[in-house]
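Notes follow the structure.
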Amino acid sequence: AKEVGRNSFQLFKPAMNARSLERLAMMSRLQNAIESDEFELYFQPKQHLNSGKILGVEALLRWQEPSLGVISPAKFIPLAEELGLIVKLDLWVIEQACKELTKWRQYDIEAGRLAINISANHLRQGLLASNVARLLEQYDVDPRKLEIELTESCFISHFSEAKQELLALKKLGVHITLDDFGTGYSALSYLTKLPIDTLKIDASFIAKVPDEYGNSEIVTAIITLAKSLSIHVVAEGVEKIEQLNYLQMLNCDTIQGYYFCRPIAKQQWYDFYLAKAQS
Ligand code: C2E
Ligand code: CA
Ligand code: CA
Ligand code: CA
């Protein structure tokens with residue numbers, strides 16, 4: 001067995017090296033990426049199911065590295081966390097969001113709320129609410145226009161710290177969304193113990209709707225539960241009309257996904273908004 005182990009190790013060694021080299025390259029470049037202005041926010045609208053109205057838009061981070069190309073946040077966010085850069089990156093995102101909301105006001109863009117994703121790591125450090133408050137004030141932005149999407153991972157290990165932060169954000173008037181709902185540790189009690197305004201049903205469930213038996217029942221149960229707690233529901237990753245129709249039947253409030261619109265760059269998002277607003 002030892003022989004096999006050694007052989008397979010040799011077999012996989014070049015691949016592992018390539019991967020760790022890529023990781024190393026990304027790590028060293030991530031350090032200066034903010035200063036080098038390599039990040040950009042893309043925007044994906046959320047649509048109210050019954051009226052078709054744009055209810056909000058989610059900002060999604062893109063990293064355009066000059067030699068590595070466009071790198072997915074699924075790759076660089078974990079690295080930024082490891083390198084202790086995540087708070088800096090989140091602050092950059094919050095500030096960009098405030099600037100964007102200033103523009104919305106200036107140009108009368110009525111696109112609901114602007115949602116941003118915040119790392120669980122940031123929440124745990126206890127400075128999120130005060131950072132958000134400071135930037136909202138600096139840019140003179142209405143806190144009710146800002147939405148923060150968080151995953152449950154931060155509630156497990158640091159429940160009381162996370163709760164304090166969420167209460168402080170809530171007090172400011174910021175909208176709070178629980179992202180990726182149904183995955184990971186999903187303790188249903190979070191929904192009653194924390195000031196959650198919206199939950200987002202994870203795309204993995206939506207992908208199997210309406211075909212897979214059992215799965216649709218879970219989605220139905222999540223929507224019913226949320227409704228009974230007066231929590232707003234968003235389905236993410238909606239790609240097909242069949243999914244949309246099914247979600248409409250279940251009284252899901254809002255959808256987000258390629259079916260309505262892909263994440264798009266800022267100018268395209270303005271064009272999309274204007275086309276919708278005029279139709
Ligand atoms: P998320 O917050 O769950 O975002 C949803 C992801 O699904 C996005 O991937 C989006 O582009 C993608 N998506 C949207 N509609 C569809 C669809 O219909 N079908 C499919 N297959 N995918 C769809 P993206 O932009 O690559 O982001 C991945 C993750 O990276 C995000 O997951 C979020 O956890 C994280 N992330 C993105 N931007 C930021 C950020 O500014 N800060 C932090 N801390 N994390 C971010
Ligand atoms: Ca999100
Ligand atoms: Ca999500
Ligand atoms: Ca996710």
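Taking first residues from the stretch 150-168 that are among the small types (Gly, Ala, Ser) and partners that are outside any helix (DSSP H, G or I) and open to solvent by less than 40 Å² (accessible area, probe 1.4 Å), the Cβ contacts under 8 Å between residues at least 6 apart in sequence or on separate chains come to Ala162/Leu194. Note on the stretch 259-275: among residues that are open to solvent by 30 Å² or more (accessible area, probe 1.4 Å) and either touching a Lys or Arg at 6+ places or on another chain (Cβ under 7 Å) or of a type in the set (Gly, Ala, Ser) (or both), the one that is modelled with the lowest pLDDT is Ala275. Taking the condition at pLDDT below 95, outside any strand (DSSP E or B) and surrounded by 17 or more Cβ atoms within 10 Å (Cβ to Cβ), does Val141 pass? Criteria not met by Val141.
Considering the stretch 146-172, and only residues there that are in contact with a Gly (Cβ under 8 Å, 6 or more places away or on another chain) and more than 16 Å from ligand 2 (Cβ to nearest atom), the residue that is modelled with the lowest pLDDT turns out to be Glu161. I need the full set of residues from the stretch 173-210 which are modelled with pLDDT of 90 or more, open to solvent by less than 20 Å² (accessible area, probe 1.4 Å), not in a loop (DSSP other than H, G, I, E, B) and not charged (D, E, K, R), in order please. Across the stretch 173-210, the qualifying residues are Ile176, Thr177, Leu178, Phe181, Thr198, Leu199, Ile201, Ile206. For the stretch 95-121, a residue qualifies if it is within 16 Å of ligand 4 (Cβ to nearest atom) and modelled with pLDDT under 95, and the qualifying residues are Ser119, Ala120, Asn121. Scanning the stretch 63-76 for residues that are open to solvent by 50 Å² or more (accessible area, probe 1.4 Å) and touching a residue at least 40 places away in the same chain (Cβ under 8 Å) yields a count of 2.
One residue stands out in the stretch 77-132 among those that are in a helix (DSSP H, G or I), in contact with a strand residue (DSSP E or B) (Cβ under 9 Å, 6 or more places away or on another chain) and among the acidic types (Asp, Glu): the one that is surrounded by the most Cβ atoms within 10 Å (Cβ to Cβ), namely Asp90. For the subset of the stretch 225-243 comprising residues that are in a helix (DSSP H, G or I) and in contact (Cβ under 8 Å) with a residue 24 or more places away in the chain, which member is farthest from ligand 2 (Cβ to nearest atom)? Looking at the filtered set, the residue picked out is Glu242.
Among the residues of the stretch 239-246, is there at least one that is charged (D, E, K, R), open to solvent by less than 60 Å² (accessible area, probe 1.4 Å) and within 16 Å of ligand 3 (Cβ to nearest atom)? Within the stretch 239-246, not a single residue is charged (D, E, K, R), open to solvent by less than 60 Å² (accessible area, probe 1.4 Å) and within 16 Å of ligand 3 (Cβ to nearest atom).
The values are calculated or read from the model by the stated rules, or taken from the named source; none is laboratory data. Model, not experiment: these values are computed from the prediction. Cβ sites come from the backbone with ideal geometry, for glycine too, and all protein chains shown count toward neighbours. These area figures cover heavy atoms from the full protein model, side chains too; ligands, DNA and RNA do not enter into them. Shrake-Rupley method; radii C 1.70, N 1.55, O 1.52, S 1.80 Å.
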